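The values are calculated or read from the model by the stated rules, or taken from the named source; none is laboratory data. If you're wondering where the values come from, they're calculated on a predicted model, not measured in any experiment. In this analysis, Cβ positions are derived from the backbone assuming ideal geometry, glycine residues included, and neighbour counts consider all displayed protein chains. Ligands, DNA and RNA are excluded from the accessible area calculation, which covers all protein heavy atoms including side chains. Shrake-Rupley method; radii C 1.70, N 1.55, O 1.52, S 1.80 Å.
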Amino acid sequence: MSQATRAVEADLRFLRRAVVLAARGWGQAAPNPMVGAVVVREGVVVGEGWHTRYGNAHAEVEALARAGEAARGAYAYVSLEPCNHHGKQPPCTAALIAAGVARVIVAARDPNPKASGGIERLRQAGVRVDVIELPEAHEINAPFFHAFAGHERPFITLKLALSSEGAVAMPGDERRWLSGPESRAEVHRQRADADAVAVGIGTALADDPELTVRDAPPPRVPPTRVVFDRAARLPPGSRLARTARDLPVLVLAETPDPQGRAALEALGVTVLASSGLPGALRALRDRGIRHLYVEGGARLARALLDAAVVDRLVIFQSSVTLGQGALSPFPGDWPEWAARLPVVAQATFGGDEMTIYDLERARCSPAS
């Protein structure tokens, strides 16, 4: 192995470590992106850091503080381009320059025009900067990148628990758990990094969910609970309505029943009149919701898939069989349809197999 190859492999190893560190800010850093940083001197890690919480010191500053004087002449690996503006914290470019680092290696450029420009600022100060784009550095902050790409809707993650035949439920109000407790805990962890968690009115009526984060570390800001409810039929006695003054609840309605709307609003529920699915999604984005985590049911899932607005599809495949007549949200045979989709991640939770599919890339790259 040549020296150049070893150097590239070392760069990739330390950058991936920065991404791993960034993930420790899950549910805490938003609306800022999750960022990790590693300071390396002569091949040895001398400091690590991550953005622990919105408003706290940024990853680079944390890593430099741990490195101390060892940072002078060292390399700094960051999962996202160092910021170049003064927000709640001073610019990270200034901290890197003051620390005397010799080289900065960046895994993703910052799409935020207010914070970008860090690479150019560092180069102007005589710091060598290399950009090595890592897919995982983009993936960990996918909703953040989506927000600055000119979209009028939130980044949408659709989570579905599937039976062995690829269905989500039986017709009618009959409900049963398809996924195990380990999978449900992972869903709560995923909820924690979303701005809002949504269901359709059918699921709200059948399951009476809370849509809160319970089986995971609590996020800095609990996600807003959202119900796609064309006529505002959410019962005032539902868990969502009864807790609306504790945690926000939004009902997206096209033709809300006046009496039902008044009863919900009296409990603190916000009822938004919206025109169709595109209008509902725009209304959510206008309210600052960047990442919408949707948990069904079948009708809402199919509507989102048919509209081609799902960016990540999270599937928990169980061994439970529902039988003939079970409802499928997919436009075709599930295994055949899924085989054409790019896979982001896979993991096992108890007896369930979780797979995350990148529908955003599938839309942009038909050949992928």
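Being at pLDDT 95 or above and either among the acidic types (Asp, Glu) or under 18 Å from Ser116 (Cβ atoms) (or both) is the requirement here; does Glu9 meet it? Steps first, answer last, please.
Working: at pLDDT 95 or above: no; either among the acidic types (Asp, Glu) or under 18 Å from Ser116 (Cβ atoms) (or both): yes.
No; evaluated as a whole, the condition is false for this residue.
Give just the number: which of (1) closer than 23 Å to Phe155 by Cβ; (2) part of a loop (DSSP other than H, G, I, E, B); (3) at pLDDT 95 or above; (4) in contact with a Leu (Cβ under 7 Å, 6 or more places away or on another chain) does Pro236 not satisfy?
Every condition holds for Pro236 apart from (1).
Does the stretch 17-39 hold any residues that are open to solvent by 10 Å² or more (accessible area, probe 1.4 Å) and of a type in the set (Val, Ile, Thr), and which are they?
Listed by number, the residues that qualify are Val19, Val20, Val35.
Just to be sure before I move on: is Leu327 modelled with pLDDT under 85, surrounded by 15 or more Cβ atoms within 10 Å (Cβ to Cβ) and either among the aliphatic types (A, V, I, L, M) or within 27 Å of Gly279 (Cα to Cα) (or both) in the structure I sent?
Here the answer is yes, as Leu327 does meet what is asked.
Starting from residues that are aliphatic (A, V, I, L, M) and part of a helix (DSSP H, G or I), keep the ones in the stretch 117-143 and report whichever is farthest from Val343 (Cα to Cα).
Ranking the qualifying residues of the stretch 117-143, first place goes to Leu122.
Which numbered condition in (1) within 19 Å of Arg302 (Cα to Cα); (2) open to solvent by 40 Å² or more (accessible area, probe 1.4 Å) is the only one that Leu160 fails?
(2)
Yes/no per residue for (1) within 16 Å of the chain's Cα centre (by Cα); (2) among the charged types (D, E, K, R); (3) within 27 Å of Pro143 (Cβ to Cβ); (4) buried (at least 21 other Cβ atoms within 10 Å of the Cβ):
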site	(1), (2), (3), (4)
Ser164	no, no, no, no
Arg184	no, yes, yes, no
Asp195	yes, yes, yes, yes
Val199	no, no, yes, yes
Leu205	no, no, no, no
Val221	yes, no, yes, no
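Every residue in the stretch 75-98 that is farther than 14 Å from Arg121 by Cβ and surrounded by fewer than 24 Cβ atoms within 10 Å (Cβ to Cβ), please.
Correct list: Tyr75, Gly87, Lys88, Gln89.
Considering Ala231, Ala244, which residue is under 22 Å from Tyr293 (Cβ atoms), open to solvent by less than 70 Å² (accessible area, probe 1.4 Å) and assigned to a loop (DSSP other than H, G, I, E, B)?
The unique qualifying residue is Ala244.
Condition test on Ile105, is it touching a residue at least 40 places away in the same chain (Cβ under 8 Å), farther than 22 Å from Gly288 by Cβ and open to solvent by 40 Å² or more (accessible area, probe 1.4 Å)?
No: the conditions fail for Ile105.
Check whether at least one residue in the stretch 21-32 is outside any loop (DSSP other than H, G, I, E, B), farther than 24 Å from Ile289 by Cα and touching a Leu at 6+ places or on another chain (Cβ under 9 Å), and report yes or no.
Just the residues of the stretch 21-32 that are outside any loop (DSSP other than H, G, I, E, B), to begin with: 21-25.
Then drop every residue that is not farther than 24 Å from Ile289 by Cα, which leaves 21.
With touching a Leu at 6+ places or on another chain (Cβ under 9 Å) added as a condition, the list becomes none.
No, the stretch 21-32 contains no residue that is outside any loop (DSSP other than H, G, I, E, B), farther than 24 Å from Ile289 by Cα and touching a Leu at 6+ places or on another chain (Cβ under 9 Å).
Look through Asp333, Asp311, Asp306 and report the one residue that is open to solvent by 20 Å² or more (accessible area, probe 1.4 Å), in contact (Cβ under 8 Å) with a residue 40 or more places away in the chain and among the acidic types (Asp, Glu).
Asp333
Which pairs do you get when a residue that is on the phi > 0 side of the Ramachandran plot, found in the stretch 339-362, comes within reach of a residue that is crowded, with 18+ Cβ neighbours inside 10 Å and polar (S, T, N, Q), reach meaning Cβ atoms under 7 angstrom, with the pair 6+ apart or on two chains?
Taking only residues 6 or more apart or on different chains, the pairs are Gly350/Ser183.
Ile132: over 28 Å from Arg285 (Cα atoms), open to solvent by 20 Å² or more (accessible area, probe 1.4 Å) and either touching a residue at least 12 places away in the same chain (Cβ under 8 Å) or of a type in the set (Val, Ile, Thr) (or both), yes or no?
So Ile132 fits the description; yes.
Just name the residue that is farthest from Ser116 (Cα to Cα) out of those in the stretch 40-74 that are open to solvent by 50 Å² or more (accessible area, probe 1.4 Å) and hydrophobic (A, V, I, L, M, F, W, C).
The selected residue is Val44.
Among the listed residues Ala67, Ala10, Ala74, Ala22, identify the single one that is in contact (Cβ under 8 Å) with a residue 24 or more places away in the chain and within 30 Å of Arg285 (Cβ to Cβ).
After ruling out the rest, the residue left standing is Ala22.
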